[in-house]
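As structure tokens, the structure follows; a few thoughts come after it.
None of the figures in this text is laboratory data; all of them are computed from the coordinates on show. The structure displayed is predicted, hence computed values, not measured ones. Cβ placement follows ideal geometry from the backbone for every residue including glycine, while neighbour counts extend to all protein chains displayed.
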Amino acid sequence: MTYGKCFVLSFCIVLTIAACLGCGDGTTCDEKLASSLSDDIINEGASNVNHSLLRVDSAEEAGVFTAAYANITKARIFANADQRSMAAYFAEKVIAAETEHPITTPTDSDFYCTARWILADVAYANGEYGKSLALAKEILAFVGDGASPKDVAMRCSALSQMAECESELNHIDEAERLFGAPRNVQALIMRTSIIG
């Protein structure tokens, strides 16, 4: 097959994927394509970390991933592979980049929470319960602790992480209070789904 035919075929495949993804819900087709590719790479990373990292680098070089997107994808790959120090390294790179780039989109919000979640999980696994608790509190402060949080699932995860940390720190009353909080959010979800 000639180079021209390969290019046309590749272009048609990309257009087909973009059409199938919809792109009508406020996110751009580029964001949906990047998200789909990232999920595919992360799933592959469970069995082949090195190949997945090469794919992330290729996507970044091709302009499909920004540097932040590439770093959060690498952090998730390493977290799933239980390589905590590397997961923390790439999560910290995402957080460092936030100082130069304000959080303005849902993708930025996801990066903010995911990077901190990875660091909180690594800290917890290393027995650094205070650090993990502080990171979970940052996530909770960002997503909101009221009746309508920005991200209900991340709120539940942060509250659960906080409860686990409080339990490990022998703050039993606070842990019990926090363990009850995600159920309150579950009730909110049920109410919202019934109303909406």
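Enumerate the calculated ³J(HN,Hα) couplings along the stretch 87-96 in order (Karplus 6.51 cos²θ - 1.76 cosθ + 1.60, θ = phi - 60°), each rounded to whole Hz, writing x wherever the residue is Gly or Pro.
With coefficients 6.51, -1.76 and 1.60, one gets 4, 5, 4, 6, 5, 5, 5, 5, 5, 4 Hz.
Could you tell me the relative contact order of the stretch 28-103? Use alpha-carbon pairs under 8 Å, at least six residues apart, and round to a whole percent.
Relative contact order here is 25 percent.
At R0 = 45 Å, how high is the FRET efficiency between A62 and F179 if r is their beta carbon distance? Nearest 0.05 is fine.
Plugging the Cβ-Cβ distance into 1/(1 + (r/R0)^6) gives 0.50.
Order the peptides 121-131, 166-176 from the highest to the lowest mean number of other Cβ atoms within 10 Å of their residues.
Ranked from most to least packed, the peptides come out as 121-131, 166-176.
Could you work out how much longer the chain between D145 and E168 gets when fully extended? Use 0.36 nm per residue separation minus the Cα distance between them, nm to one decimal.
6.0 nm
How far apart, in nm, are two points set 7 Å out from the Cα along the Cα-to-Cβ line at D40 and at A134?
According to this spin-label approximation, the distance is 4.0 nm.
With θ taken as phi - 60° and the coefficients 6.51, -1.76 and 1.60, list the Karplus ³J(HN,Hα) couplings across the stretch 120-127 in order, rounded to whole Hz; mark glycine and proline as x.
3J(HN,Hα) across the stretch 120-127, in whole Hz: 5, 5, 5, 4, 4, 4, 8, x.
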